[in-house]
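Rule-based calculations on the coordinates, nothing more; no lab input. Just so it is clear, the model here is predicted, and its values are computed rather than measured. Cβ sites come from the backbone with ideal geometry, for glycine too, and all protein chains shown count toward neighbours.
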Amino acid sequence: METVLIQINNNKAYRLLEDLEDLHIIKVLKKSIQPTQKLSEKYGGKLPSDIADQLQDYVTKSRNEWNNRSI
């Protein structure tokens, strides 16, 4: 047996899958949806503060150079 992930784009398609399940041709597996974690919560505090300050200074300097460039 093989497990396949599909995307349902229409309610009729889901009803067809339920009918196939009733005929014991397939089994519909429910996917539990977990709440997504905010990136700030996931990565907060992962970078040492001194390196984070250096990175922020570099980004600020780069943005200023980009905004002040003459083309």
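Side notes on the structure shown:
- Fully extended contour minus Cα-Cα distance, from residue 70 to residue 25, at 0.36 nm per residue: 9.6 nm
- If you count Lys pairs in the chain whose Cα atoms are under 24 Å apart, skipping same-chain pairs closer than 8 places in sequence, the total is 6.
- Given charges at beta-carbon only (K, R positive; D, E negative), |dipole| of the chain in Debye: 180
- DSSP-assigned coil residues among trypsin sites (Lys or Arg not before Pro) in the range 1-65, each with at most 16 further Cβ atoms within 10 Å: 27, 30, 31, 38, 46
- Between helix 49-67 and the chain: long-axis angle, C-alpha atoms, 0 to 90°, nearest 10: 80
- The chain - mean residue ellipticity at 222 nm from DSSP helices (-39,500 (n - 2.57) per run, n ≥ 4, rounded to 500): -15500 deg cm²/dmol
- Rg/Rh for the chain (Cα atoms only, Rh after Kirkwood) is 1.40.
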